[in-house]
Amino acid sequence: MGKTTTAINLAASLAANDIKVLLVDSDPQGNATSGLGVAKDPDKPSLYHVLLSDTPLHEAIRSTDFEGLHLITADKNLVGSNLELIDIENREFRLRDRLAEIRDQYEFILIDCPPALDLLTLNALLAADSVLVPSNANSLPSKASPN
């Protein structure tokens, strides 16, 4: 809960401070893509193409309305990637290996994950240097009465 909102706001805040940022939308719902106002264009490469074909990562990077903030989009094709990745050698390192191509071009690369522990999330975790996990700030339950 709050993963996409956190990713978008953190990316926009960093970019507003003149920090070059890449946001990778790794959720098949593509809410980070639409949240940044970028159209899901099936004619342009997305994360799906980067993970499952020989599409170079730089071809999938799109500009946003925020100066210094770039995006790798997600679209409905990403839904099938978990099944398609199963038979690929080193499938859990696909994103890490692809991001290595452009890692030195950005001060921060943020990855918005799907709400599941699947191969997309595993790829994101193995590509990451650190992890931010949004959670609800619920209050502690009240102490049970001795009755």
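Considering only C-alpha atoms, what is the centroid distance from region 45-83 to region 3-37, in Å?
13
Need one word for region 5-137: rounded, prolate or oblate. Basis is the Cα gyration tensor (sqrt eigenvalues a ≥ b ≥ c); a/c below 1.5 gives rounded, then a/b vs b/c decides.
Rounded shape, in that the Cα axes give a/c under 1.5.
Under the rule of -39500 (n - 2.57) per DSSP H run of 4 or more residues, summed and divided by the residues of the chain, what mean residue ellipticity at 222 nm is obtained, to the nearest 500 deg cm²/dmol?
One gets -8500 deg cm²/dmol as the mean residue ellipticity at 222 nm.
Enter the accessible area of Ile19 (Å², nearest 10), with the probe set to 1.4 Å and all protein chains included.
About 40 Å², rounded to the nearest 10.
Along the Cα→Cβ direction, 7 angstrom out, place labels at Asp18 and Asn136. What is the inter-label distance in nm?
So the two model labels end up 4.2 nm from each other.
So which lysines can Lys44 reach, going by Cα to Cα under 16 Å and dropping same-chain residues fewer than 8 places off?
Lys76
Can you pull the percent of region 50-129's accessible area that's carbon plus sulfur, 1.4 Å probe, other chains left in place?
49
Could you work out how far helix 3-16 tilts from the main Cα principal axis of the chain, as a 0 to 90 degree angle to the nearest 10?
60
Using a 1.4 Å probe, what is the accessible area per residue for region 26-147, in Å²?
On a per-residue basis, region 26-147 sits at 62 Å².
Please calculate the 1.4 Å probe accessible area of Tyr106, with all protein chains present, and give it to the nearest 10 Å².
30
Given H placed 1.01 Å from N in the peptide plane, which residues other than close sequence neighbours of Val24 have an amide H under 5 Å from its amide H?
It is Ile72, Leu110, Ile111, Asp112, by chain and number.
The values are calculated or read from the model by the stated rules, or taken from the named source; none is laboratory data. Just so it is clear, the structure is predicted and the values come from calculations on it, not from any experiment. We place every Cβ from the backbone using ideal geometry, glycine too, and count neighbours over all the protein chains shown. These accessible areas exclude ligands, DNA and RNA; they are computed on the full protein's heavy atoms, side chains included. Shrake-Rupley method; radii C 1.70, N 1.55, O 1.52, S 1.80 Å.
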